[in-house]
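One structure is given below, encoded as structure tokens.
The values are calculated or read from the model by the stated rules, or taken from the named source; none is laboratory data. Nothing here was measured: the structure is a model prediction, and the numbers come from that model. No Cβ is skipped: glycine too gets one built from the backbone with ideal geometry, and neighbour counts run over all protein chains shown.
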Amino acid sequence: MTDTKKHYQSRMRKVLDYIDLHLDDCLDLDTLSGVAAFSKYHFHRQFMATFSLPLNRYRLPSSFCRSGERLVGNASQLRIKRHKTCGSKACSR
């Protein structure tokens, strides 16, 4: 693997880490291309070439996973609250 390719992969890894840490934020092309230290045009082309999908398609499954984790977490908390409120009565549904 060439040094240039390794360098580009390192930059893309930084972008993926940034996206994963900032899923709740509004991530625009300017921000992400800045993280990768590419122009917007070059970043978009390199992202597509590296991952074979556009940026918005990468982010979508991550957002779904985060939302699912929140829903499961909230459901567990609701069950605990309900159990504390109802005591040993059958109120879990």
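Observations, loosely collected:
- Test: residue in segment 34-44 that is loosely packed, with under 13 Cβ neighbours inside 10 Å, modelled with pLDDT of 75 or more and of a type in the set (D, E, K, R): no
- Sole residue being surrounded by 10 or more Cβ atoms within 10 Å (Cβ to Cβ) and under 15 Å from the mean Cα position of the chain (by Cα), chosen from Leu21, Leu27: Leu27
- Residues in segment 9-54 that are in contact with a helix residue (DSSP H, G or I) (Cβ under 8 Å, 6 or more places away or on another chain) and of a type in the set (Phe, Trp, Tyr): Tyr18, Phe38, Phe43, Phe47, Phe51.
- Applying a threshold of 6 Å to beta carbon distances and a minimum spacing of six or more residues, or different chains, the list of pairs starting in segment 1-15 at a residue that is free of Cβ contacts under 8 Å to residues at least 60 places away in the same chain and ending at one that is surrounded by 10 or more Cβ atoms within 10 Å (Cβ to Cβ) and assigned to a helix (DSSP H, G or I) reads Arg11/Ala36; Met12/Thr50; Lys14/Val35; Val15/Leu32; Val15/Val35; Val15/Ala36.
- The residue of segment 1-26 that is farthest from Thr50 (Cα to Cα), among those that are outside any helix (DSSP H, G or I) and of a type in the set (A, V, I, L, M, F, W, C), is Cys26.
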